[in-house]
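A.B. asks: One structure is given below, represented as structure tokens, and several questions about it will come after.
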Amino acid sequence: MNVGEANAACGARSGVAKWVVKVGSALVTDEGRGLDHARIAGWVAELAALRDRGVEVTMVSSGAVAEGMQRLQWRHRPRELYKLQAAAAVGQMGLVHAYESEFQRYGLHTAQVLLTHHDLSDRQRYLNARTTLRTLLELGVVPVVNENDTVATDEFRFGDNDTLAALVANLVEADRLVILTDQQGLFDSDPRQYPDARLITEGDAGDPDLERLCGEGAGEYGRGGMLSKVRAAARAARSGAATAIASGREPGVLERLRRDERVGTYLKPAREPLGARKQWLASQMTARGRVYLDAGAVRVLQESGRSLLPVGVTAVAGQFARGEIISCVGPDGREVARGLVNYDAAEADRIKGAASDRIESLLGYVDEPELIHRDNLVLL
């Protein structure tokens, strides 16, 4: 399936084309030298043109911390969380005002939406966020989304806005996630070190070979690198969204992507979209504990789509309560699934390795025969 066919399929699925466009700190702030108003104006003009063509657009914009640093005249990104939060609070004012002013030139209203991991880990708050975003789009408003850096803690951060953008794509059931960066796209080696590096123009979202091509590095003014963008594409694909990773410095980049020109790297979803509940399960950034599985249990989960039974569990780690998210880890140490557990950590440890018909004799009661029911489990 080529790019145009994939877009047509997505449009047919949703009825209305929906894009999530993410721009990084280095682009928005011109490598930390303050907001690049000319570039912001250019993106907004292209987004407004997309709206005129019937595409619903949501922005995810980095840059609050970097803009705050510039306003506070800090030359280097601080390490202390409280300083980063202070910079975000200062910078958010300028960032939102810049977008609002530009969109108003085209008669478009904007809405600031600040999210934290807690907003998406709690099922009810997740549904509320989804309803709010969808309502804004139906009203013709352009949501401008960012992580709420002023209250987020290190333990419960998205990690970078690439991840946040992918989760927003899941929330609004976008057809396409566009990640604008300061690179042309994904290369088979670092183009800054290897002049013969080749641009990868197309691939499958979630392909582990793509992750191996990426470095771990992040820029001075942002938290994400190319690895986070490839992983974001895999997350976005869970709801059926294709991802384009392209240079935000490329003239007319959004319009060229709309015309299906070969710009940057295009990563298409390789699997069928997950259901809404399993998208929420897959979006969880933290797990309360882990269970380790034998090879047979991994095979049953991956090939048969069945529930996880206690008999396939070899070890239990962490403290978790019934109904919390836990991680399922295979013999090779890789996470294979996540789900809502039916027993707490102590109970799970007592019934691990046992057949389901022994649960009552081991615990004195039986609630569910499965440790995690297949309806509450998602493969990763």
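No lab work stands behind these numbers, since they all come straight from the coordinates. All of these numbers come straight from a predicted model, not from anything done at the bench. Note: ideal-geometry Cβ built from the backbone for every residue, glycine included; neighbour counts use all protein chains shown.
A.B. asks: Given the chain, what count of lysine pairs have C-alpha atoms under 27 Å apart, with each pair 8 or more places apart or on different chains?
C.D. replies: Close lysine pairs under the 27 Å cut-off: 12.
A.B. asks: What angle, in degrees between 0 and 90 and rounded to the nearest 10, separates the Cα long axis of helix 295-304 from the longest principal axis of the Cα atoms of the chain?
C.D. replies: Around 60 degrees separate the two axes.
A.B. asks: Okay, next question. With each pseudo-label sitting 7 Å past Cα toward Cβ, what's the D332-Q302 distance in nm, one decimal?
C.D. replies: 0.6
A.B. asks: Could you tell me which GluC sites (Glu not before Pro) in the range 32-89 are loop residues by DSSP with no more than 13 other beta carbons within 10 angstrom of their beta carbon?
C.D. replies: Filter output for the range 32-89: E80.
A.B. asks: Could you pull out the trypsin sites (Lys or Arg not before Pro) across the range 244-276 that fall in loop regions by DSSP (anything but H, G, I, E, B) with no more than 11 other Cβ atoms inside 10 Å?
C.D. replies: When the trypsin sites (Lys or Arg not before Pro) of the range 244-276 are filtered for loop state and at most 11 Cβ neighbours within 10 Å, R259 remain.
A.B. asks: Working from Cα positions, state the angle (0 to 90°, nearest 10) between the long axis of helix 37-52 and the longest principal axis of the chain.
C.D. replies: Taking Cα atoms only, the helix is inclined about 70 degrees.
A.B. asks: Still on this model: I'd like the antiparallel share, as a percent to the nearest 5, of DSSP beta bridges with both residues in the range 3-279.
C.D. replies: Here the antiparallel bridges make up roughly 10 percent for the range 3-279.
A.B. asks: For D196 and D357, what is the calculated FRET efficiency with R₀ set at 56 Å and r taken between the beta-carbons, to the nearest 0.05?
C.D. replies: For R0 = 56 Å, the calculated efficiency reads 0.35.
A.B. asks: With labels modelled as points extended 7 Å from the Cα through the Cβ direction, what inter-label distance (nm, one decimal) is found for H37 paired with D375?
C.D. replies: For the pair H37/D375, the computed spacing is 5.6 nm.
A.B. asks: For R123 and D294, FRET efficiency with R0 = 30 Å and r from the beta-carbon atoms, rounded to 0.05?
C.D. replies: Calculated value: 0.50.
A.B. asks: Would you mind getting me the FRET efficiency between S101 and T135? Use the beta-carbon distance for r and R0 = 22 Å, nearest 0.05.
C.D. replies: 0.40
A.B. asks: Output wanted: per-residue J couplings in Hz (rounded whole) for the range 129-141, from phi through Karplus 6.51 cos²θ - 1.76 cosθ + 1.60, θ = phi - 60°, x for Gly and Pro.
C.D. replies: 4, 4, 5, 4, 4, 5, 5, 4, 5, 5, 7, x, 8
A.B. asks: Moving on to the next point. Taking amide H positions as placed 1.01 Å from N in the peptide plane, with prolines and chain starts having none, which residues 5 or more places from T314, or on another chain, fall under 5 Å of its amide H?
C.D. replies: Answer set, sorted by chain and number: Y292, L293, D294.
A.B. asks: Could you tally the net charge around L171, taking each other residue with its Cβ under 9 Å from the Cβ of L171, Lys/Arg +1 and Asp/Glu -1?
C.D. replies: Within the 9 Å Cβ shell, the charges total +1.
A.B. asks: Tell me, Kirkwood radius of the chain from alpha-carbon pair distances, in Å?
C.D. replies: Computed over the chain, the radius equals 21.9 Å.
A.B. asks: Next question, about the same structure. Give me the percent relative contact order of the chain, please, defined on Cα pairs under 8 angstrom at least 6 residues apart.
C.D. replies: About 14 percent, as a whole number.
A.B. asks: Moving to a separate point now. Neighbour counts of other C-beta atoms within 10 Å: give me I325, I351, I245 arranged from fewest to most.
C.D. replies: With the sparsest Cβ surroundings first, the list reads I325, I351, I245.
A.B. asks: Can you put E31, E173 in order of Cβ neighbours within 10 angstrom, beginning with the fewest?
C.D. replies: By the 10 Å Cβ count, ascending: E31, E173.
A.B. asks: Rank the residues D36, D260, D175 as a footprinting-exposure proxy: fewest other Cβ atoms within 10 Å of their Cβ go first.
C.D. replies: In order of increasing Cβ crowding within 10 Å: D260, D36, D175.
A.B. asks: Describe numerically, in nm with one decimal, the distance between label points set 7 Å from Cα along Cα→Cβ at A321 and at A270.
C.D. replies: Distance between the two pseudo-spin positions: 3.9 nm.
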